[in-house]
Amino acid sequence: MGKIAEKIKAFSLNRWLVFVAAMWLQSMAGIGFLFGDISLVIKASLRYNQRQVAALSVAKNLGDCVGFLAGWVSAMLPAWGLLLIAAAQNFIGYGWLWLVVTKHTPALPLWMG
């Protein structure tokens, strides 16, 4: 039983596990595919014009490009820590978007979106 526990521990500390877990998380988050669907709701509920929605989309794409930070953090944290941070960021981001769209909180200025 000791060898199995050692193999499980070694697997959980494997850097490739962090990579695969991050890929799963990103594929589940799906903002790249979801933005096209929710942009009409954002545009209607926040009274944005097409130029503002496009600017928001560019900001979203630039945010996707800073994935190297996740790689840097993954070198310092175990997989569960990285997943916990990513889950919290998704919860806050999508949660705030839900609150704004359902008019439970005022909309943020476009530059903060």
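The values are calculated or read from the model by the stated rules, or taken from the named source; none is laboratory data. Every value quoted in this text rests on a predicted model; they were computed, and no experiment measured them. To get the accessible areas, we keep the full protein, side chains included, count just its heavy atoms, and leave off ligands, DNA and RNA. Shrake-Rupley method; radii C 1.70, N 1.55, O 1.52, S 1.80 Å.
How much of the accessible area of region 2-102, in percent, comes from carbon and sulfur atoms when a 1.4 Å probe is used?
Working: 5540 of 7610 Å².
Roughly 73 percent, rounded to a whole number.
At q = 0.14, 0.16 Å⁻¹, what log₁₀ I(q)/I(0) does region 2-102 have when each alpha carbon counts as one equal point scatterer in the Debye sum?
Summing over Cα pairs of region 2-102 leads to -0.65, -0.78.
Any idea of the accessible area per residue across region 2-102, 1.4 Å probe, to the nearest Å²?
Here the per-residue accessible area is 75 Å².
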